[in-house]
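The values are calculated or read from the model by the stated rules, or taken from the named source; none is laboratory data. From a predicted model like this one, the values you see are computed outputs, not experimental measurements. As a convention, Cβ positions derive from the backbone with ideal geometry for all residues, glycine included, and neighbour counts pool all protein chains shown. Remember, those area values only see protein heavy atoms, side chains included, never the ligands or the DNA or RNA. Shrake-Rupley method; radii C 1.70, N 1.55, O 1.52, S 1.80 Å.
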Amino acid sequence: MRNQPAGHTGRHFLQIPGPTNVPDRVLHAMAFPTIDHRGPEFAEVGKQVVAGMKRVFQTEGTVVIYPSSGTGAWEAALVNTLSPGDRVLMFETGHFAALWRQMATRLGLDIDFVSGDWRHGVDPAQVAEKLAADREHRVKAVCVVHNETSTGVTSRIPEIRAAIDEVGHPALLMVDTISSLASIDYRHDEWGVDVTVAGSQKGLMLPPGLGFNAVSAKALAAAKSAKLPRSYWDWQAMGETGHTGFFPYTPATNLLFGLQEALRMLLDEEGLPAVFHRHARHAEATRRAVNGWGLEVLCADAREYSGSLTAVLVPDGYDADRVREIILDAFDMSLGTGLGKMKGKVFRIGHLGHFNDLMLCGTLCGVEMGLHRAGIPHRAGGVAAALEYLGALDAE
Ligand SMILES: Cc1ncc(COP(=O)(O)O)c(C=O)c1O
């Protein structure tokens, strides 16, 4: 399979906000021969990856790993904890929040969907207001997308937790970290999250194919009485993997080899604080480039800027997808398309996962050249602003 249009040489730039670039080390680890998933050698892999993922989620609780995409991990969170007709509070932060809501509706849950403008995260005051009004405690769960991949807006989970506590509401807190885990600071236990949902193809630097839930004791207790039908997604059998190393059905063996290697890189070599710092720094450099071009970042609140990706608005009357097309044809770089309501209005620059200063510089140069070729009104000097920021920090 080719990942380059005809005529391109050198490496393709995969700068969509996931799937992200997979390090060669991880690719090599996945090329190891597949082993018996019921044998002793595999049990060690199973135990190690669950232990490593607990460190990534920053939890002492249960972690389950499915052979699935992130959507499967969404479904697992809902079906393990809720019953038909249960009320769930969700927020329209963007395309993925809307998709999670659609799934919850299909599963027979009763959704209170708070509308939003796709430029802001979840407002903690609104969470408090909604839950305070729910005196009978009909709301069983609050679901939040931590980092909205369609908009580049990151909701403030600790403040949302505080809002729930402030009104003393017992709802479960479920958080989608599919494009934030291992990129943006996230603490399952400390922030009092009940179910965290994640996937392999973004900050974890793996191909798509693994879905994760981190589960609190409160969520495990809720699973005992939850009545939505579940079988494949049932936590009960999966919850044993951390102790036995075995899975209730055939795991994605070679993706787990890759996960072992990625965890070595993230936890033992770079370390999570450095991973978060790297992402925040590249995100800031990217925003400086966008401002330098005289363009606008979609995220409207500086407290909610995403460390994983930046969505860039193109001026009215111009098509963001045309810019992406030109950049792909001319420079062999893939950028994220505008999703849902943002179709044609934004392009998204992914700066997460296996990434460094020079990759960022190449990415921003590709965007600057693309803006020029596409005839988008902009100023020169975006790349220069990013370089100045990257250099200024290094001199500290
Ligand atoms: C925030 C978020 N949630 C959910 C999903 C859905 O995950 P998947 O496409 O792996 O099923 C994505 C995918 O990009 C995402 O970014």
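The equivalent ellipsoid of the chain has semi-axes of 34, 27, 18 Å, largest first, where each one is the square root of 5 times an eigenvalue of the Cα gyration tensor. Based on Cα contacts under 8 Å between residues 6+ apart, the chain shows a relative contact order of 24 percent.
Within the assembled protein chains, the solvent-accessible surface assigned to E388 is about 140 Å², based on a 1.4 Å probe. Applying Stokes-Einstein at 10 °C and 1.306 mPa s to the Kirkwood radius of the stretch 135-264, computed over alpha-carbon pairs, gives a translational diffusion coefficient of 98 µm² s⁻¹.
Max-minus-min Cα coordinates of the stretch 26-180 on each principal axis give 55, 31, 29 Å, with the largest extent listed first. Measuring nothing but how far apart in sequence close Cα pairs (under 8 Å, 6+ apart) lie, relative to its length, the stretch 178-306 scores a relative contact order of 23 percent. Can you give the angle from 0 to 90° between the axis of helix 320-331 and the longest principal axis of the chain, with both taken from C-alpha atoms, to the nearest 10? Tilt of helix 320-331: around 70 degrees. Computed from the Cβ-Cβ distance with R0 of 25 Å, the FRET efficiency linking A221 to E44 stands at 0.25.
Normalised Debye scattering of the stretch 41-80 at q = 0.25, 0.31, 0.32, 0.35 Å⁻¹ gives log10 I(q)/I(0) of -0.94, -1.03, -1.04, -1.06, counting only Cα atoms as equal scatterers and leaving out solvent.
Here the average projected area of the convex hull drawn through the C-alpha atoms of the stretch 13-118 stands at 9.9 nm².
Where does the Debye-calculated log10 I(q)/I(0) of the stretch 251-378 sit at q = 0.20 Å⁻¹, using only Cα point scatterers of equal weight, no solvent? At q = 0.20 Å⁻¹ the computed log10 ratios are -1.11. The long axis of helix 70-81 is offset from the longest Cα principal axis of the chain by roughly 30 degrees. In this structure E136 has an accessible area near 150 Å², from a 1.4 Å probe over the protein heavy atoms. Say the cut-off is 31 Å between C-alpha atoms; which of K202/K341; K140/K202; K47/K218; K202/K343 go over it? Check vs 31 Å cut-off fails for no pair.
In terms of the mean number of neighbouring beta-carbon atoms within 10 Å, the peptides 309-315, 209-215, 57-63, 103-109 order highest first as 209-215, 309-315, 57-63, 103-109.
Our helix-only sum for the chain, with -39,500 (n - 2.57) per DSSP H run of n ≥ 4 divided by its residues, gives a mean residue ellipticity at 222 nm of -12500 deg cm²/dmol. Annotation: K202 carries an accessible surface of approximately 20 Å², with a 1.4 Å probe and no ligand, DNA or RNA atoms counted. Pairwise inverse Cα distances across the stretch 221-264, averaged and inverted, put the Kirkwood hydrodynamic radius at 12.4 Å. The stretch between A280 and A31, if pulled fully straight at 0.36 nm per residue, gains 86.4 nm over its current Cα-Cα span.
Tell me the net charge near G85. Cut-off is 12 Å between Cβ atoms, G85 excluded, with +1 for each Lys or Arg and -1 for each Asp or Glu.
+2
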